[in-house]
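The structure appears right after this line, and notes come after that.
The values are calculated or read from the model by the stated rules, or taken from the named source; none is laboratory data. Being a predicted model, the structure only gives us computed values, none of them experimental. Quick reminder, even Gly has a Cβ in these numbers, built from the backbone with ideal geometry, and neighbours come from all protein chains shown.
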Amino acid sequence: MTAILAERPNPPLASPTSALSHVGGNPEPLRQRMSRMTPTSRLPAVRAALTGLIAVFAALGVGHLISGLILTPAASPFLAVGNAAIDRTPAAVKDFAITHFGTNDKPALLVGMAVALVLFGVLLGLMSRRSVVPGLAAIVFLGVVGTLAVAEQSTGWLGLLAPLASLLAGVGAFWWLHRRAQPRPVDAIHDADAGAGEAADDVPTRGLGRRRFVLSSLAATLGALVAGAGGFALGKRIDVTASRRAVGELVPTTPAPPIPAGAAFPKLGTPTFITPAADFYRIDINLTVPQLRAEDAVLRITGMVDTPVEFTFDEIRSMPLVEKTITMTCVSNEVGGPYVSTANFIGVPLLDLLDQAGIQDGAQQVVGHSVDGFTLGTPLDLLRNAGKEALLAIGMNREALLPEHGFPMRTVVPGLYGYVSATKWLTELELATYNIKPYWVERGWDGQPPGVVPIKISSRIDAPSSFQRVPSGDVTVAGTAWAQGRGISKVELRFDNEEWQPAELATEVNRNTWRMFRLTRPLAPGQHTVTSRAFDGSGVMQAEDRLRLINPGPVPDGSTGWQSMFFTVG
Ligand SMILES: Nc1nc2c(c(=O)[nH]1)N[C@H]1C(S)=C(S)[C@@H](COP(=O)(O)O)O[C@H]1N2
Ligand SMILES: [Mo]
């Protein structure tokens, strides 16, 4: 019989309906017939798994395509779910992710989500071997989650088109593939009912059913890929590169003093004094860099002010620009960590802008709003302490801000950690009391007085690196220390159990920047430990205890503790 069937050039396509009509056309009682056919409606496991997987894939692809078409990358269900997950991550976990994955926390999240979705797709497929219903329910569930996540991204009604299309695509693809994955009735009947002449006419072989399934799967996968790639390409249409290029070089009216040659020891292993913008540490809540064009950017000053005012980017740009050398630090930076960088920021003094609106009595904080939905609050008295050094910045190192550092406008307040001072992609500065709870405060972080601390006195050993083997003879230890707002007056090093000895300090640039140190001395061959501690401008010593390890307390607190480095000589 197989041979006969194999000769059939164009077998009719199988479907549950054709199976049923075939059943109906047969004199055998339907019930009996159905029960005998039951095993055939059970999908082979591999087909079932693939069906689920491809349906999820199609849903994501179509969602991405629509998000690109409507120029709203944030409406892509995949990214929206990622962003929603970030917003829900407990602060301590987020802190952990920043500390351990750093700038890779985002790829790590996306990869984790992709793996979860693959498992989900396979699982929902396997759940649907007998009936299409469980899988459809699972896809609808996923679609609803995606829709809710997008709804949260404040993309407007238009944005909801993407997850809804995604839901339809998922349901449609699953339904279609599930039908095409059905083995033909003959596959099962064949063994039990060998030689049954009635099957010979219109029932194709298992092999043809497989080809049909493979082709359908390939078509669906290809469709999903094309849709996803299309969405990606379309999303690129809003690209701030051209806008950024049009800003051109930024020349300050009042430049920062030049950086003295002896301000850093990069040859000895310290960073360069000014961090190239591309190497500047990056921390934010976004999976994709918000794209805000300079020509569309408006800064509003609102809330407890005499008269709300607005400035376009061009208006800011044509004001007299000042340049300030500032070292920024993230509160999640661990002892010895990399989230500290220095730039020549260019912009206008923040307080000058606020004064144009007139700050009302009773205002306690300035809440920065951003296109990414992020908000942060800077205590007004701390902002006033920073004075004219606090900037509404439009540039870094004589260029417009890089997109990932807040193009076209951001705030920078020296002396304060980024999460209470440095709104990127800034759209609004709102004067308010502490009744307004910014993003991190709402999520349980300590971001309002008395919890707001100035950046803690820190020192980091850059060379030798941990467990490095250095040639015998004279050994050089070099590093950097910071206590923005207060400056660094001394750094001491302790080798093994010797007395503390002062390191040589590099030229101070200003009190808001890091200060490099170095010390060269002979050391006996063998294993050594070096520990560093810094003192701020008024002689206060860097705290010895690793507070976050001893008492995690309210997150975040800014790491404390002396850093020790273990290395080998010879
Ligand atoms: N809009 C927006 N601004 C933000 C953040 C954010 O997530 N969104 N993160 C803040 C944090 S925690 C830090 S440490 C600084 C980091 O700025 P950078 O990435 O330019 O170094 O940006 C701050 N400004
Ligand atoms: Mo941060």
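Is it fair to say VAL441 is within 13 Å of ligand 2 (Cβ to nearest atom) and either among the β-branched types (Val, Ile, Thr) or surrounded by fewer than 24 Cβ atoms within 10 Å (Cβ to Cβ) (or both)?
For VAL441, the condition - within 13 Å of ligand 2 (Cβ to nearest atom) and either among the β-branched types (Val, Ile, Thr) or surrounded by fewer than 24 Cβ atoms within 10 Å (Cβ to Cβ) (or both) - is not met.
Being buried (at least 17 other Cβ atoms within 10 Å of the Cβ), assigned by TED's automatic domain parsing to the domain that holds ARG398 and among the β-branched types (Val, Ile, Thr) narrows it down to one of THR325, THR307, THR312, so name that one.
THR325
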Any residue in the range 322-334 that is among the hydroxyl-bearing types (Ser, Thr, Tyr), more than 16 Å from ligand 2 (Cβ to nearest atom), free of Cβ contacts under 8 Å to residues at least 12 places away in the same chain and closer than 20 Å to LEU391 by Cβ?
-> no
Given the structure, is THR513 buried (at least 19 other Cβ atoms within 10 Å of the Cβ), touching a residue at least 24 places away in the same chain (Cβ under 8 Å), outside the structural domain of ILE274 (by TED's automatic domain parsing) and in a loop (DSSP other than H, G, I, E, B)?
-> yes
Based on what the data block shows, is PHE265 within 23 Å of the chain's Cα centre (by Cα) and modelled with pLDDT of 95 or more?
-> no
State whether the residues of the range 416-429 include one that is farther than 24 Å from ALA277 by Cα and polar (S, T, N, Q).
-> no
Of the candidates ASP372, ASP355, ASP361, the one satisfying the condition of being assigned to a loop (DSSP other than H, G, I, E, B), away from ligand 1 (no atom under 16 Å from the Cβ), not assigned by TED's automatic domain parsing to the domain that holds GLY156 and not hydroxyl-bearing (Ser, Thr, Tyr) is ASP361
Any idea which residue in the range 386-422 is nearest to ligand 2 (Cβ to nearest atom), counting only those that are among the hydroxyl-bearing types (Ser, Thr, Tyr) and within 14 Å of LEU350 (Cβ to Cβ)?
-> SER421
Kindly indicate the residue of the range 315-338 that is modelled with pLDDT of 95 or more and within 14 Å of ligand 1 (Cβ to nearest atom) and also farthest from the chain's Cα centre (by Cα) among those meeting that condition.
-> ILE326
(1) more than 18 Å from ALA390 (Cβ to Cβ); (2) within 16 Å of ligand 1 (Cβ to nearest atom) all hold for THR312 apart from (2)
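Inspect all residues belonging to the range 266-285 and state whether any of them is assigned to a loop (DSSP other than H, G, I, E, B), within 12 Å of ligand 1 (Cβ to nearest atom) and polar (S, T, N, Q).
Looking through the range 266-285, at least one residue is assigned to a loop (DSSP other than H, G, I, E, B), within 12 Å of ligand 1 (Cβ to nearest atom) and polar (S, T, N, Q).
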Considering the range 224-251 alone, what residues qualify as being surrounded by fewer than 18 Cβ atoms within 10 Å (Cβ to Cβ) and not hydrophobic (A, V, I, L, M, F, W, C)?
-> GLY230, LYS236, ARG237, ASP239, THR241, ARG245, GLY248, GLU249
Selection count, the range 286-321, where residues are assigned to a loop (DSSP other than H, G, I, E, B) and away from ligand 2 (no atom under 16 Å from the Cβ) | 16
By residue number, the members of the range 408-459 that are over 20 Å from ASP95 (Cα atoms) and either within 10 Å of ligand 1 (Cβ to nearest atom) or of a type in the set (D, E, K, R) (or both) are ARG410, THR411, VAL412, TRP425, LEU426, THR427, GLU428, GLU430
With criteria (1) closer than 24 Å to SER318 by Cα; (2) surrounded by fewer than 21 Cβ atoms within 10 Å (Cβ to Cβ); (3) polar (S, T, N, Q), THR411 comes up short on (2)
What is the one condition in (1) more than 18 Å from ALA165 (Cα to Cα); (2) surrounded by 15 or more Cβ atoms within 10 Å (Cβ to Cβ) that ALA116 does not satisfy?
-> (2)
